[in-house]
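I have placed the structure first, in the form of structure tokens, so that the comments after it can refer back to it.
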Amino acid sequence: MIGCKDLTLSFGDRAVLDRFSLTIPDRGVTALSGPSGCGKTTLLRVLAGLERPQSGAIEGITPWETAILFQDDRLLPWRTVEQHLTDVLPREQRGRVPELLALTELEGEEHTRPAALSGGMGRRLALARCLALPARLYLLDEPFAGVDLSRALRILEGLKSLPAPVLLVSHEPAVLTAANAVIQLDGPPLRVR
Amino acid sequence: MGWIKYPKKLICPLLPPAFWLGVWQVCAFWVDRRLDGKGNELQLPYPISVWKALVHLVGTEEFWATVLTSLGRIALGLTWGVLIGAALAVLTCSSRWCDRLLSPAVRVVRAAPVASFILLVLLWTGRNTVPAVISAMMVIPVVWDNLSRGIQAVDPKLLELAKCYRFTKIKTAALIYLPALRPYILTALTTATGLAWKSGVAAEVLCLPEPSLGQRIYYTKYYLDIPELFAWTAVTVALSMVLERLLRACLARWGRGWGT
């Protein structure tokens, strides 16, 4: 069972997590929804080991077993679409490039650099790169920002069949409806509604 | 109207040098008039005299030996300067203690007069080594300064990405630091090439290694052959510009298509 127990984290006087606990289903896509600034991104960053909580514990997983998609794309202007994936994929899994491009609907863009991609394509490339990383938990912060809804829903179906669970943040009602589970949040400090 | 563009492309780069040649010609003529045609070649020779001296030099065997030997010395100094400067930049950016220890030394090298270093290095090593060592010493602070600023300016979000996506240190250097440093490397190399030539030839003038551009420049003073002094200076400037253009072209190829 993957989850967190009694996580507490403050930035100065501002408590973002206050004894926050959550259990993540073992498979499928779990969507986190809540108002901006309630602490969803901070929760993902804590699970990925990028923020150290003042107290509490993460259970069933270590940061090195997670893969996080950041809220911004963080693409490398000097690498092509294919190189973005091969940079992350382990050597023995390089053959997964076409599969990842198909999942994120980027086929035919292998040799394109980020400057020539649209905003939505850049977002899908960032998602493909995140999925290229072998992980036991995928943490996706607004993976469909700038992606058209019909395509987002198709990609979401693909995410459901991944061998590892996916925890994603979204504000899009259709994405929340299509996810396997939805956790409504509020805050700060972050709490399950 | 493509036919207008072509001559424009050809003429525009030629206009500034043509203007300065004209200024030179007028100034030389003015000096000639002031001296009643007696000895203007000792103060400001005409461009045509310099051109004749240059053509005469290019036809001699010693010219190529001199040019290639100086080019070799200065290119060697430039290479070592870039390598040491880059290594120092990495060290001072990666460790606070290295920064505290090394930064003052590099700043002293940058501020100290080049003539002092030339004389000291001449005492410590043979005269043939001085130009390369001096070129390297002048290049090190420039490369260190530019690359240090570049390393500090690398996007921390990309470094966080590298950490999360389990990039090794070598991969982080190759995929994030090096491409992000490209504009800083370009600035460093452009400035460093000019400095390497200036300081290297100055060292040759003072130490007279054989054969060398500096030695030939020194002899022009000895024999008061001012057109030849201008000719050797033009050769030095041309070599510096060619080397700089070559390095710029290499870096431009490296960054093609990035859209940055």
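The values are calculated or read from the model by the stated rules, or taken from the named source; none is laboratory data. Predicted model, so just to flag it, every value in this text is computed and none were measured. Cβ coordinates were reconstructed from backbone atoms using ideal geometry, including for glycine residues, and neighbour counts include every protein chain displayed. Side chains included, ligands, DNA and RNA excluded: accessible areas come from the protein's heavy atoms. Shrake-Rupley method; radii C 1.70, N 1.55, O 1.52, S 1.80 Å.
Can you name every residue in region A:17-38 that is in contact with a Pro (Cβ under 8 Å, 6 or more places away or on another chain), over 19 Å from residue A:61 (Cβ atoms) and either open to solvent by 10 Å² or more (accessible area, probe 1.4 Å) or free of Cβ contacts under 8 Å to residues at least 40 places away in the same chain (or both)?
Scanning region A:17-38 gives A:18, A:37.
Please go through region B:144-187 and pick out each residue that is of a type in the set (Val, Ile, Thr), assigned to a helix (DSSP H, G or I), over 21 Å from residue B:244 (Cα atoms) and open to solvent by 60 Å² or more (accessible area, probe 1.4 Å).
B:170, the sole residue that qualifies.
Quick test for you: out of B:70, B:94, pick the one residue that is free of Cβ contacts under 8 Å to residues at least 24 places away in the same chain and polar (S, T, N, Q).
Exactly one of B:70, B:94 is free of Cβ contacts under 8 Å to residues at least 24 places away in the same chain and polar (S, T, N, Q), namely B:94.
Among the numbered criteria (1) part of a helix (DSSP H, G or I); (2) open to solvent by less than 10 Å² (accessible area, probe 1.4 Å); (3) closer than 20 Å to residue A:41 by Cα, which one does residue A:155 miss?
(3)
Residue by residue through region A:80-101, note down the ones that are touching a Pro at 6+ places or on another chain (Cβ under 8 Å), under 18 Å from residue B:169 (Cα atoms) and open to solvent by 50 Å² or more (accessible area, probe 1.4 Å).
none
Whether any residue in region B:98-115 is within 27 Å of the chain's Cα centre (by Cα), acidic (Asp, Glu) and crowded, with 19+ Cβ neighbours inside 10 Å is what I want to check.
For region B:98-115, residues within 27 Å of the chain's Cα centre (by Cα), acidic (Asp, Glu) and crowded, with 19+ Cβ neighbours inside 10 Å: absent.
Restricting attention to region B:18-31, does a residue exist that is under 27 Å from residue B:202 (Cβ atoms) and either part of a loop (DSSP other than H, G, I, E, B) or of a type outside the set (A, V, I, L, M, F, W, C) (or both)?
Within region B:18-31, not a single residue is under 27 Å from residue B:202 (Cβ atoms) and either part of a loop (DSSP other than H, G, I, E, B) or of a type outside the set (A, V, I, L, M, F, W, C) (or both).
Of everything in region B:119-135 that's in contact (Cβ under 8 Å) with a residue 60 or more places away in the chain and small (Gly, Ala, Ser), which residue is nearest to the other protein chains (Cβ to nearest Cβ)?
B:135
Mind checking which residues of region B:188-201 are of a type in the set (Gly, Ala, Ser) and surrounded by 20 or more Cβ atoms within 10 Å (Cβ to Cβ)?
The answer is B:188, B:192, B:196, B:199, B:200.
Identify, by number, the condition in (1) away from chain B (no Cβ under 13 Å); (2) open to solvent by 10 Å² or more (accessible area, probe 1.4 Å) that residue A:104 doesn't meet.
Unmet for residue A:104, out of (1) away from chain B (no Cβ under 13 Å); (2) open to solvent by 10 Å² or more (accessible area, probe 1.4 Å): (2).
Which of the residues belonging to region A:47-72 are more than 10 Å from chain B (Cβ to nearest Cβ) and either over 22 Å from residue A:162 (Cβ atoms) or in contact with a Gly (Cβ under 6 Å, 6 or more places away or on another chain) (or both)?
Answer for region A:47-72, where residues must be more than 10 Å from chain B (Cβ to nearest Cβ) and either over 22 Å from residue A:162 (Cβ atoms) or in contact with a Gly (Cβ under 6 Å, 6 or more places away or on another chain) (or both): A:51, A:52, A:53, A:54, A:55, A:56, A:57, A:59.
Does region B:137-148 contain at least one residue that is in contact with a Cys (Cβ under 7 Å, 6 or more places away or on another chain) and either away from every other protein chain (no Cβ under 14 Å) or of a type in the set (S, T, N, Q) (or both)?
Within region B:137-148 (the criterion being in contact with a Cys (Cβ under 7 Å, 6 or more places away or on another chain) and either away from every other protein chain (no Cβ under 14 Å) or of a type in the set (S, T, N, Q) (or both)), the answer is yes, since at least one residue qualifies.
For the list (1) open to solvent by 20 Å² or more (accessible area, probe 1.4 Å); (2) within 14 Å of chain A (Cβ to nearest Cβ), I need the number of the one condition that residue B:255 fails.
Here residue B:255 meets the rest and fails (1).
If a residue must be assigned to a helix (DSSP H, G or I) and either free of Cβ contacts under 8 Å to residues at least 40 places away in the same chain or under 21 Å from residue B:201 (Cβ atoms) (or both), how many such residues does region B:32-50 contain?
Counting residues in region B:32-50 that are assigned to a helix (DSSP H, G or I) and either free of Cβ contacts under 8 Å to residues at least 40 places away in the same chain or under 21 Å from residue B:201 (Cβ atoms) (or both) gives 7.
Would you check which residues across region A:78-135 are in contact (Cβ under 8 Å) with a residue 40 or more places away in the chain, more than 19 Å from residue A:148 (Cβ to Cβ) and among the basic types (Lys, Arg) and list them?
A:129
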